[in-house]
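One structure is given here, and the rest of the page talks about it.
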Amino acid sequence: MRRKIVPKSRYMPFLGCVLLAFVLAGCGGIRIISDYDETTDKSLTAIQEQTDAFISALVKSSGTEDAAFEKNKAFYDRIDQQLRQLEFRVNSIPRNEQTIALVKKIRTVILGEGKCSGEGTSLRDLHCMSQNESKGPSATSLEICRRNINQTISAALSLELAKKQGLEKNK
């Protein structure tokens, strides 16, 4: 059987196109996550600071009428408003799904499912429990809740800072 010999020059344009495609693909960075957003970073930090200060005050007044849910309702309203603003912002940024998910988790650990429930696990739910409503949650329960909130906010902040480092590396 005879082999057909094909001139090498016939494949050169095809190989050139393939090579060019690889070069162009390597030059264009594929973006799978949004850029760093300073406003999101500052908002997360503010929410963490306010929540931490609130829990510290509750720990100090735990077991007294000053820790009653009704006397502290204004905090939950303020933090709800701040979270709504943050949610609006992160939802408006393209390719920001990871941050959106983390902000939802922050809402869940601080405010729960949107209504005061004695069965939930959020800070507000803990405060709403019938045994805690008039004199606040125990200091131990509050510390556990603080750790959970701080871990969740820390994850969101870490993601934003990683985006910032990636942005600075690519300059």
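None of the figures in this text is laboratory data; all of them are computed from the coordinates on show. Everything numeric in this text was worked out from a predicted model, so none of it was measured. Cβ sites come from the backbone with ideal geometry, for glycine too, and all protein chains shown count toward neighbours.
Stretching Asp52 away from Ile144 to a fully extended chain increases their span by 31.9 nm, per 0.36 nm per residue minus the current alpha-carbon distance. Shape index of the stretch 97-164: Rg/Rh, with Rg the Cα radius of gyration and Rh the Kirkwood radius from the inverse mean 1/r over Cα pairs, equals 1.07. A crude spin-label estimate for the pair Ala101 and Asp80, with each label 7 Å from Cα along the Cβ direction, gives 2.7 nm. A simple rule links phi to the HN-Hα coupling: the Karplus curve 6.51 cos²θ - 1.76 cosθ + 1.60 with θ = phi - 60°, which for the stretch 108-116 gives 5, 6, 8, 10, x, 8, x, 9, 5 Hz, with x for Gly and Pro. Here the relative contact order of the stretch 65-162, from alpha carbon pairs under 8 Å that lie six or more residues apart, stands at 33 percent.
Note on the stretch 65-162: with charges restricted to the Cβ of Lys and Arg (+1) and Asp and Glu (-1), its dipole about the Cα centre is near 280 debye.
Sorting Glu87, Glu65 by the number of Cβ atoms found within 10 Å of their own Cβ, with the fewest placed first, yields Glu65, Glu87.
As a rough footprinting exposure proxy, the listed residues Arg107, Arg89, Arg78, Arg147 were ranked by other beta carbons within 10 Å of their own, and the order from fewest upward is Arg147, Arg78, Arg89, Arg107. A straight line joining the Cα centroids of the stretch 96-171 and the stretch 28-80 runs 8 Å.
Ordered by the count of other Cβ atoms within 10 Å of each Cβ, fewest first, Ser43, Ser62 give Ser62, Ser43. Based on Cα atoms of the stretch 37-168, Rg over Rh with Rh as the Kirkwood radius reads 1.01.
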